[in-house]
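Asker: Structure provided below as C-alpha cells; questions to follow.
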Amino acid sequence: MTAVNSSLNGNPFGAPGTINDPARQAQKLSTQPDQPSFLINKMAHIFSLVFAADFPDRWPTFMDDIFLSRGLDSVPLVTFYLKTLLAIDSEVVDRDIQRTKTIFDRNTKIKDFMRDLCIPQIVQSWWTILERCSDVTAQCLCLDAVAAFVDWIDVELVANDVFVPLVISRLGNKDISEAAVRAVSALIQKGMPPSKKLSLVTALMDVMRSNHLISVNPNSDYEDVLRAGSLLSAVGSVLIDNYHK
C-alpha cells in the first residue's frame, strides 16, 4: 500500500527492478498460481488505481509494460490481467458511481487515450485468450471484459467476422454461456446509428439461429432455455428501442 500511496501522491509506483515494480509484482502472480482470490482481487484493484493515477501522462505504456508485452502465457497472469481490466472499468467507466467533475474529466481523458494507445492491443489479447486459453475462469473473465468495454470502444474492433464467431461459439458451452450472453447483449446494446444496429442484430440473429442457440423444444434443458430467453429478451429490447428512434 505504501507504493500505491506514493504513486497517488505524485511519485512513480516503483522503479523497474525494485520490489515495488508493478511488472515484477505481476510476474510473481504468474509464477505463484495458488494465490488466494481475495489477494488477486485486491492487487487488481490496486493496479487499477495506479493506472488511473499515472495513465496517460506519466505512464502511457502501462498496459504494454505490465501485461501485453509479456505474452500472457500463464493462466494466473491472464486471470490477473482480466481482473485488472475489470477493476479499471469500475474505477474509470462505471456510470453507476457518482463522480466529481474533476474525476469525470480525468476518466474521459483516460478513455480517449486508451482508445488511441492500447484498446486495439487489448482487443487482440481478448481474441488470443478466447482462442488459446481453455481455462473456464479466464474465458468467463474475458467475456465479461468484452461486455464491460464494448460500450465505449470502437464497435468495429469487435463486431467483425473474426471476433464475433469466437464469442458466439461460447454460447454453446454451458460452463461459460452466461458470460457469453452478457458479451453478446452488451454488443447489441451498444449505442450506434439505428440502421447500423439493425444490420448488426440481423447478422447476429442469423448466426445464432443457424447454430440453434435461440431455439428450444420440450427436451431443452434449463441452461438452453435460459440462454435463449436472455438472448431473445436482449434482442427484443434493442429492436423496440431502435424502432422508436
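Asker: Right, ASN211: surrounded by fewer than 18 Cβ atoms within 10 Å (Cβ to Cβ), within 21 Å of GLN139 (Cβ to Cβ) and not hydroxyl-bearing (Ser, Thr, Tyr) or not?
Answerer: Taking the combined requirement at face value, the residue satisfies it.
Asker: Does the range 164-188 hold any residues that are in contact with an Asp or Glu (Cβ under 8 Å, 6 or more places away or on another chain) and not aliphatic (A, V, I, L, M), and which are they?
Answerer: Selection gives LYS174, SER177, ARG182.
Here's the yes/no breakdown for (1) in contact (Cβ under 8 Å) with a residue 60 or more places away in the chain; (2) in a helix (DSSP H, G or I); (3) under 12 Å from ALA26 (Cβ atoms):
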| site | (1), (2), (3) |
| --- | --- |
| PHE38 | no, yes, no |
| ASN41 | no, yes, no |
| ILE46 | no, yes, yes |
| ALA52 | no, yes, no |
| ARG58 | no, no, no |
| LEU77 | no, yes, yes |
| TYR81 | no, yes, yes |
| THR84 | no, yes, yes |
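Asker: Give THR100, THR79, THR84, THR61 a once-over and let me know the one that is in contact with a Leu (Cβ under 7 Å, 6 or more places away or on another chain) and polar (S, T, N, Q).
Answerer: None of the other options fit; the residue is THR79.
Asker: Any chance you could count how many residues in the range 196-235 are farther than 21 Å from ARG170 by Cα and under 26 Å from the mean Cα position of the chain (by Cα)?
Answerer: Residues that pass the stated criteria total 4.
Asker: Next up: I need a count of the residues in the range 214-245 that are surrounded by 13 or more Cβ atoms within 10 Å (Cβ to Cβ), of a type in the set (Gly, Ala, Ser) and within 16 Å of SER185 (Cα to Cα).
Answerer: Number of matching residues: 5.
Asker: Just give me the residues in the range 60-75 being surrounded by fewer than 18 Cβ atoms within 10 Å (Cβ to Cβ) and either outside any loop (DSSP other than H, G, I, E, B) or in contact with a Phe, Trp or Tyr (Cβ under 8 Å, 6 or more places away or on another chain) (or both), in sequence order. First the steps, then the outcome.
Answerer: The first filter runs over the range 60-75 and keeps only residues surrounded by fewer than 18 Cβ atoms within 10 Å (Cβ to Cβ), leaving 60-61, 64-65, 68-71, 73-75.
PRO60, ASP64, ASP65, LEU68, SER69, ARG70, VAL75, listed by residue number.
Asker: I would also like to ask the following. Only one of (1) polar (S, T, N, Q); (2) surrounded by 12 or more Cβ atoms within 10 Å (Cβ to Cβ); (3) modelled with pLDDT under 95 fails for THR2. Which number is that?
Answerer: In the conditions (1) polar (S, T, N, Q); (2) surrounded by 12 or more Cβ atoms within 10 Å (Cβ to Cβ); (3) modelled with pLDDT under 95, THR2 misses (2) alone.
Asker: Just one of ASP135, ASP154, ASP89, ASP116 is touching a helix residue (DSSP H, G or I) at 6+ places or on another chain (Cβ under 6 Å) and under 19 Å from MET63 (Cβ atoms); which is it?
Answerer: None of the others qualify; the one that does is ASP89.
Asker: Which residues, taken from the range 133-165, are surrounded by fewer than 18 Cβ atoms within 10 Å (Cβ to Cβ) and within 22 Å of VAL75 (Cα to Cα)?
Answerer: Once the filter is applied, which keeps residues that are surrounded by fewer than 18 Cβ atoms within 10 Å (Cβ to Cβ) and within 22 Å of VAL75 (Cα to Cα), the range 133-165 yields SER134, ASP135, VAL136, THR137.
Asker: Tell me which residues, restricted to the range 182-202, are surrounded by fewer than 17 Cβ atoms within 10 Å (Cβ to Cβ), of a type in the set (Gly, Ala, Ser) and in contact (Cβ under 8 Å) with a residue 12 or more places away in the chain.
Answerer: Answer for the range 182-202, where residues must be surrounded by fewer than 17 Cβ atoms within 10 Å (Cβ to Cβ), of a type in the set (Gly, Ala, Ser) and in contact (Cβ under 8 Å) with a residue 12 or more places away in the chain: just GLY191.
The values are calculated or read from the model by the stated rules, or taken from the named source; none is laboratory data. The structure displayed is predicted, hence computed values, not measured ones. Please note: Cβ atoms are built from the backbone with ideal geometry, for glycine as well, and neighbour counts cover all protein chains shown.
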